[in-house]
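Accompanying notes for the structure given below.
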Amino acid sequence: MTATATRPERITRNGGRRLVDLVARVRELGILAALAALFGVTGAVNPSFLTYGSLRDILLNTAIVAMLAVGQTLVVITRNVDLSVSSVVGLSAFGGALVLADNPGVPIPLVIAGCVALGAACGAVNGLLVGAAKVPALVATLGTLYAFRGIDYAVAGGRQVNAADMPDGFLSLGTRSVLGVPLLALVALAVLLVVGWMLRNLRSGRELYAIGSNPEAAVLAGIQVRRRIMAAFVANGALAGLAGVMWAARFGTVDATVATGKELDVIAAVVVGGVAIFGGSGTVYGAALGALLLASITSALAVLRVDALAQTAINGALLIAAIVLDRLLALRVAAALRRRRFHDDN
Amino acid sequence: MEDTPVLALSGVSKAFGAVRAVRDVSLELYAGEVHALAGENGAGKSTLVKILSGVHRPDTGQILLDGAPVEFAGPADAQQAGVAVIYQEPTLFPDLSVTENIFMGRQPRARLGIDRRAMRASAAELFTRLGVQLDPDQPARGLSIADQQLVEIAKALSRQARVLIMDEPTAALSGKEVARLFGVAKALREQGCALLFISHRLEEMFELCQRVTTLRDGAFVASDMIADITPDDLVRRMVGRELDALFPKQETTAGEVALSVRRLTREGVFTDVSFEVRRGEIVALAGLVGAGRSEVARAVFGIDRWDAGSVEVDGKRLRPASPTAAMAAGLALVPEDRRQQGLVMDLSIERNIGLAGLAALHRGPLISRLAERQRAKDWAVRLQLKFARLTDPVNVLSGGNQQKVVLAKWLARKPSVIIVDEPTRGIDVGTKAEVHRLLSELAGTGVAVLMISSELPEVLGMADRVLVMHEGRLVAEIDRADATEESVMAAATGRTAA
Amino acid sequence: MTTDRLRQSMTTDRLRQSVTTDLLRRWETLILALLVGVVVWASLGVDGFANGSNISFLLLDTTEIALMALTMTLVIVAAEIDLSVASTLGLSCAVLGWLWNAGLPIEAIMPICLLVGAVCGAFNGLLVTRLGLPSLAVTIGTFALFRGLAYVILGDQAVADLPPAYTGLATASVGPVPLMTVLVAVLAALAAVVLHATGLGRSIFALGSNEEAAYFSGIRVKRIKFWLFVASGVMASLASLVYTFRYASARADNGVGLELAVVAAVLLGGVSIFGGRGTLPGVLMAVLLLGVVRNALILADVANEVLNFVTGLLLVASVLAPNLGAIWRRRTSPQMEGKSP
């Protein structure tokens, strides 16, 4: 009895592992397939979609959302969410633009650093509310979404900063290319690779997954849960601050409404990219792929002359499709595991 | 014994508010020895474990590590000192691999980041040392509880733990899994670990342990070498009185069939289960934990869907997966997990009692608070519930009184069939006897009672018939006259042919 | 457990419990006190606040939030959330404008709008109850989906030539009280009775507090949750009718951001975001409080966008205050610490 007992168990295990692996791969392959189909069909209908200029635009549009998606992934992995990112982007973009417009002599790196610090400070507010005061992340960041935007409006007071008000050296950051690739996209790629490496290879990165996977076990394992969650929010805020400067450099025209509603694109990208909304699993690469898919859809819609107003609906539909798909796959896997165990035992 | 204990408690007391959870307890854990901690639920075992593991700090008394007093400011300190705890239901990270679970927070580092290869190799080596086959790369999600415990033990080993505390590790394991765990525990003992083992099963203590410390109502009773005492001695120490009055079984005559279960199957959970319960009968469903007894009860009551078979109550076929239909047919289920399934802990006593029969409390479109209170009051009196106010939330009640609230909730519906799943788990001896008397009376009034119990004395003392399950199948049906500890256990462990 | 220990544990637990019930009681008292305080402050300090027409306007102005807060209270007590209400409102507005442009009579359009709301709610409800998805994720998705559909249907046009009979009705008064406030009062009474005096209400509290135990008690958890989402959708579309007629303008972006005000009011009113706890009177007082604050700030010439700042702040504060209180209490009474629930 004991001799035969181990064998079927191993089969179950390997089968379970294969299934889980498969689910993880299905997501990224699925996005790549969707991208291929999108580019194929749109390119066939309108070849201008595949020109250098068009692809460059897609990369530029992806860069900012992808950066935000990377930051958001840090937070979502810990079983939290940050809805306030779009307001942080707005605040940082306007703040940076205002400083540049009013003080033309300020060194540009200083402005960028200042915006990142501003974003980090906003993230720290969220982190304190969620990590220290135990306010549910949804409520806390829904509140700060409006609070940060309110500050933005109060500072702006209806003012708009135009491209003409800002130094050319700054604006060229948004348009410059290196070896044909837009600088902003390279910045986003660098952020993606660094954060991706950290999440996989640093203790603190693995601990974020641990916290989201089982918060109580994380405490028992001696992880500084509160500190890690705060760090995730601060990092996300800092990336949102950086995204804000990038926004100002790319678009040149900045007012208090910048990036309003962008939090949805970001969360859609993250969820579509396979980051579990209840924490513990998913990668920044998936999230970035999700951002690329969403940006490509937007561009394709424009090329195909579909009303741009449909974009919001498509984002929502994709988000729902992603969570429904995840759920159905999870149910499949669970049922398959149950059946398999049963058949092995008999 | 001859040398100093690795870890010891000396005269430790701990109170929560006015409740003195443990009083003046001493305990000595020696290297190379398995020490059993015995006591009924509520005797203070869990509090003691939490003191040893640094979760709670004792109010008075000392913790001694290698004979020297130490203070554990938190679990981290205890871990540092080499104390590891394996809980009944381990807390792993389901999304992460077995290897990562073992080394979380202490991953071996290379020059840049985590050294994954070294980490994986260490995990494989640990499993070899434990003599078990587990895939280090497999995610923890989907592991059986037994395997999860092994991961926890590997984690403890990787921390060089010298003291391993196992808090009811066998409660959810099957027979062969228990055997494997004991193999690991014995190997650790040989390697010089000190183990503290907590279980409700006396036979396990006698098989595995060398020494036993008994607690009763938070107080230290005795510490003996296992070789010097008998199971009966141990029970007497735990209970502090004789058990005679515990099973007031009335003789009843069985009436017509009230519950009839035919060839019920839920894939991967239980297979081809058929039985009947007659009016006036108490039928026990026995078997090891994990044999599928509670799962059958859940399916019969409509909590889970069944894949094949049928259930009839008073000759009426039940719609599957509908507790509402089951209740309408006259079925009641007192579930296994009182706090999670039986009660809404934040709600008041009266609202909990009313919850299963809200329709009966309506006067027109509105709930009659008067009727709600009256129903609660009637049943509180009948079941001798000890309470301050009916508007108190049930979480202020003791376990036994909470169970009475669950019973009241269902009895108020006047069911024709009542399924009770572990009806006396975690309640004090006095209330236990009351619950038994109540079940007996119910049967006397013609209710069909199906009782799931893991306590053999309860099964033998209360049941007219004993059904035994083993690994998802019903393997034996034993009449009261023929039911003995041996016959039931033989069937439960699969030693008789079905 | 001996009776001696039982009694001891009961006294501590009762102590703890009376602290929490007192806090709950105090929470609503606090909101009421705050409401009175703000009204007094606004009456004395803000020009044009304390007159009949402003008070009527203030009441009228809270109509949509109040309506949606009623069903949102039930949804949150049931431990779910519906972030899509404002988008449902927008979609319903868009459908109204589109059908009106297409020449349908308004009497036919209104039931269709309510049906749209019901379908939106049913969609949320199905995803939550049939697939077991978290309502937070689902309604963030439908928040975008419904609003997006509204834009698809109506684009960025505004339909303003609505029949005066109805636009007049939306702003009509019965004596000094706006007709719509009467509507709110009637529906609020209905919701309060359902939540606090019926078996359904008892069931909602039970399943919000412990869904599993509620299911084991024969409560049809999924069915109740499904219909709560439907009710939430219908109420949002009812609010859309009031909104459209009140402003005499059907636009796809009607009511953008209202979900924040609704959720803020419900939480400020003492409903637990984790479900199982809360009262309707508390929520109604919170709706009024938010309405008065907004009104007073508008009269004091504060920009509309800054008002959102105040709402956001109140939302955070409403959850933060009890949490900080709990943390503070734990610090000051260390012997409670070990008593884990």
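The values are calculated or read from the model by the stated rules, or taken from the named source; none is laboratory data. What you are looking at is a predicted structure, and each value in this text was computed from that prediction instead of being measured. Positions of Cβ are generated from backbone atoms using ideal geometry, with glycine treated the same way; all protein chains shown enter the neighbour counts.
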- Condition check for A:Ala268: within 9 Å of chain C (Cβ to nearest Cβ), within 17 Å of the chain's Cα centre (by Cα), buried (at least 23 other Cβ atoms within 10 Å of the Cβ) and modelled with pLDDT of 85 or more: yes
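Would you kindly identify the strands (runs of 3 or more DSSP E) lying entirely within the stretch B:155-219 that contain at least 2 residues that are under 18 Å from B:Gly82 (Cα atoms)? Explain how you work it out, then say what you get.
Values: elements: B:163-167, B:194-198, B:211-216.
Counting at least 2 such residues, we get B:163-167, B:194-198.
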Turns out the strands (runs of 3 or more DSSP E) fully within the stretch B:1-110 with at least 2 residues that are touching a residue at least 60 places away in the same chain (Cβ under 8 Å) are B:19-29, B:33-38, B:83-86
- request: Scan the stretch A:234-254 and give yes if some residue there is within 14 Å of chain C (Cβ to nearest Cβ) and touching a residue at least 40 places away in the same chain (Cβ under 8 Å), otherwise no.
  value: no
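Do you know which residues across the stretch B:141-169 are free of Cβ contacts under 8 Å to residues at least 60 places away in the same chain and under 29 Å from B:Glu422 (Cα atoms)?
Taking the stretch B:141-169 as the starting set, the residues that turn out to be free of Cβ contacts under 8 Å to residues at least 60 places away in the same chain are B:141-148, B:150, B:154, B:157-158.
B:Arg141, B:Gly142, B:Leu143, B:Ser144, B:Ile145, B:Ala146, B:Asp147, B:Gln148, B:Leu150 - these are the residues of the stretch B:141-169 that are free of Cβ contacts under 8 Å to residues at least 60 places away in the same chain and under 29 Å from B:Glu422 (Cα atoms).
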Taking the stretch B:104-144 and keeping residues facing another protein chain (nearest Cβ under 7 Å), under 22 Å from B:Gln79 (Cβ atoms) and at pLDDT below 85 leaves B:Gly105
Counting only residues that are within 11 Å of chain A (Cβ to nearest Cβ) and more than 21 Å from A:Leu309 (Cβ to Cβ), the stretch C:112-127 contains a total of 3
Wholly inside the stretch B:433-497, strands (runs of 3 or more DSSP E) that include 1 or more residues that are within 16 Å of B:Asp421 (Cα to Cα) and in contact (Cβ under 8 Å) with a residue 60 or more places away in the chain are B:448-452, B:465-470
Residues in the stretch C:301-315 that are facing chain A (nearest Cβ under 7 Å) and β-branched (Val, Ile, Thr) total 2
ask   = Taking the stated definitions as given, is A:Gly222 in a loop (DSSP other than H, G, I, E, B) and either of a type in the set (D, E, K, R) or within 14 Å of chain B (Cβ to nearest Cβ) (or both)?
value = yes
Taking the stretch A:95-135 and keeping residues away from every other protein chain (no Cβ under 14 Å), surrounded by 24 or more Cβ atoms within 10 Å (Cβ to Cβ) and within 20 Å of C:Asn323 (Cβ to Cβ) leaves A:Gly123
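Could you tell me how many of the residues in the stretch C:210-252 are within 14 Å of chain B (Cβ to nearest Cβ) and either surrounded by fewer than 24 Cβ atoms within 10 Å (Cβ to Cβ) or of a type outside the set (Ser, Thr, Tyr) (or both)? Spell out the reasoning first.
Here is the first cut: in the stretch C:210-252, the residues within 14 Å of chain B (Cβ to nearest Cβ) are C:210-224.
Subsequent filtering for residues that are either surrounded by fewer than 24 Cβ atoms within 10 Å (Cβ to Cβ) or of a type outside the set (Ser, Thr, Tyr) (or both) retains C:210-216, C:218-224.
Summing the residues that are within 14 Å of chain B (Cβ to nearest Cβ) and either surrounded by fewer than 24 Cβ atoms within 10 Å (Cβ to Cβ) or of a type outside the set (Ser, Thr, Tyr) (or both) in the stretch C:210-252 gives 14.
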If we ask which residues in the stretch A:145-193 are within 14 Å of chain C (Cβ to nearest Cβ), among the aliphatic types (A, V, I, L, M) and under 18 Å from A:Met246 (Cβ atoms), their number turns out to be 0
Practice task
Test B:Ser416 against the criterion of being in contact (Cβ under 8 Å) with a residue 12 or more places away in the chain, over 23 Å from B:Ala43 (Cα atoms) and surrounded by fewer than 18 Cβ atoms within 10 Å (Cβ to Cβ), and give yes or no.
Solution key: yes
Those residues of the stretch C:144-181 which are without any contact (Cβ under 8 Å) to a residue 40 or more places away in the chain and of a type in the set (A, V, I, L, M, F, W, C) amount to C:Val152, C:Ala165, C:Ala172, C:Val174, C:Leu179
Verdict on B:Thr424 being farther than 23 Å from B:Ala491 by Cβ and crowded, with 20+ Cβ neighbours inside 10 Å | no
Of the residues in the stretch A:271-304, those that are assigned to a loop (DSSP other than H, G, I, E, B), buried (at least 23 other Cβ atoms within 10 Å of the Cβ) and more than 14 Å from chain B (Cβ to nearest Cβ) come to A:Gly273
Original post:
In this structure, is B:Leu407 more than 18 Å from the chain's Cα centre (by Cα), within 11 Å of another protein chain (Cβ to nearest Cβ) and under 24 Å from B:Ala171 (Cβ atoms)?
Top reply: no
Within the stretch B:209-236, the residues that are at pLDDT 90 or above and closer than 15 Å to B:Asp167 by Cβ are B:Cys209, B:Thr213
Going through the stretch B:345-363 in order, the residues found to be closer than 12 Å to C:Thr198 by Cβ and more than 10 Å from chain C (Cβ to nearest Cβ) are B:Arg363
| message | One residue is enough: does the stretch B:173-183 have a residue meeting the conditions in contact with a strand residue (DSSP E or B) (Cβ under 9 Å, 6 or more places away or on another chain), within 24 Å of B:Glu336 (Cβ to Cβ), among the hydrophobic types (A, V, I, L, M, F, W, C) and within 14 Å of chain A (Cβ to nearest Cβ)? | response | yes
### Message
Is it the case, given these coordinates, that B:Thr424 is part of a loop (DSSP other than H, G, I, E, B) and within 17 Å of B:Leu333 (Cα to Cα)?
### Response
yes
Residues in the stretch B:127-140 that are over 29 Å from the mean Cα position of the chain (by Cα), crowded, with 18+ Cβ neighbours inside 10 Å and more than 17 Å from B:Leu92 (Cα to Cα) total 0
